[in-house]
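Working notes, structure below.
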Amino acid sequence: MLHQPLLLDPPTRSAAQWAVVVSADALFTAEGIAVVTLDRIAESAGLSRPALDTAFASKDSLVVAALQYRHREWAEGLRRFVAGYEDPRDRVLAVFSYLERCFAEGGYHGCSFINSYGELGRNDPTIAGLAEEHLAALEGFVADLCTDAELPPYLADALTLLIEGAQVEAAIHGTTRPARSARTAAAMLMSVYDRPDGD
C-alpha cells in the first residue's frame, strides 16, 4: 500500500461538500480529471468558487473525495445486488449481472479507478494507492464470495481479472456484451469445481 488507507474510512462531510463531491465525480467520470476546472465543478454544484474553495482546499483533495464517493457507491451497490441471490454460486455470477446493469445505464465511461490510474497514477502515489486499495477491496469481496460458494480461493483472482477486463472493454466498445461474456467465462471456470451428485 502506497499511502494511509483512504477509501474505507472517509471523513464526515457537510452538505456543501457533498454537493461538490457529487458534481466532481460526474465531471471527472465523463471527461477525465485534468481537463475539469474547479470553476466548472463549482458551477455544476450550484456554488460560488469561494464556497468551493472553503469546502475543499485543493483540487487534489477533491479528487480523493470523489474517488472515495465512487468507491462507496459502487461497492455498496454491488453488495446490495449480490445479496438478492440466495445460492452462493449465483452470488458469484451476480457480480457480472451487476456489471451489466452498470454498463446499461448509459454514458458508461469505465471504472473511475482504472481511468484515474491511467491518467495520473503513474506520477501520483496517492491516486495509485487509491486504485490499489479499491482493487484490493474488490479482490477481497470476490474471495469471500468464492469461500461461501465452496470454490477455491485462487479462483477469485481469475474472476477479478474478468471483472476488470469487462469494465475496460465496455468503456471502449460502448456495449454491455463484455459483462455477459465475462459471466459466461466465470460460469465455465466455476463448472470445473462442480461436485457430482451425492458427493
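The values are calculated or read from the model by the stated rules, or taken from the named source; none is laboratory data. Please read these numbers as outputs of a predicted model, since none were measured by experiment. Glycine also receives a Cβ, built like all others from the backbone with ideal geometry; neighbour counts cover every protein chain displayed.
Points to keep in mind about this one:
- All positions within the stretch 60-96 that are modelled with pLDDT of 95 or more and of a type in the set (Lys, Arg): 79, 80, 89, 91
- The stretch 139-168, residues that are assigned to a helix (DSSP H, G or I) and touching a residue at least 40 places away in the same chain (Cβ under 8 Å): 141, 142, 145, 146, 148, 159, 162, 163, 164, 166, 167, 168
- Residue count for the stretch 1-46, restricted to those that are in a loop (DSSP other than H, G, I, E, B), within 21 Å of residue 119 (Cβ to Cβ) and at pLDDT 90 or above: 6.
- Scanning the stretch 90-110 finds no residues that are touching a residue at least 24 places away in the same chain (Cβ under 8 Å), more than 15 Å from residue 183 (Cβ to Cβ) and either of a type in the set (Lys, Arg) or part of a helix (DSSP H, G or I) (or both).
- Residues of the stretch 25-58 satisfying the condition of being surrounded by 13 or more Cβ atoms within 10 Å (Cβ to Cβ) and charged (D, E, K, R): 25, 40, 43, 49, 53
- Screening residue 193 with (1) part of a helix (DSSP H, G or I); (2) farther than 21 Å from residue 79 by Cα gives one miss only, at (1).
- In the stretch 128-150, residue farthest from residue 68 (Cα to Cα) [restricted to those that are of a type in the set (Gly, Ala, Ser) and touching a helix residue (DSSP H, G or I) at 6+ places or on another chain (Cβ under 6 Å)]: 149
- Hits in the stretch 151-188 (condition: crowded, with 18+ Cβ neighbours inside 10 Å, within 16 Å of the chain's Cα centre (by Cα) and more than 22 Å from residue 107 (Cβ to Cβ)): 159, 160, 162
- Residues of the stretch 111-127 that are in contact (Cβ under 8 Å) with a residue 60 or more places away in the chain and under 14 Å from residue 71 (Cα atoms): 111, 112, 115, 116, 127.
- Taking first residues from the stretch 59-72 that are farther than 18 Å from residue 138 by Cα and partners that are of a type in the set (Lys, Arg) and surrounded by fewer than 21 Cβ atoms within 10 Å (Cβ to Cβ), the Cβ contacts under 8 Å between residues at least 6 apart in sequence or on separate chains come to 65/13.
- Residue-level check: of (1) charged (D, E, K, R); (2) over 20 Å from the mean Cα position of the chain (by Cα); (3) at pLDDT below 90, residue 49 misses just (3).
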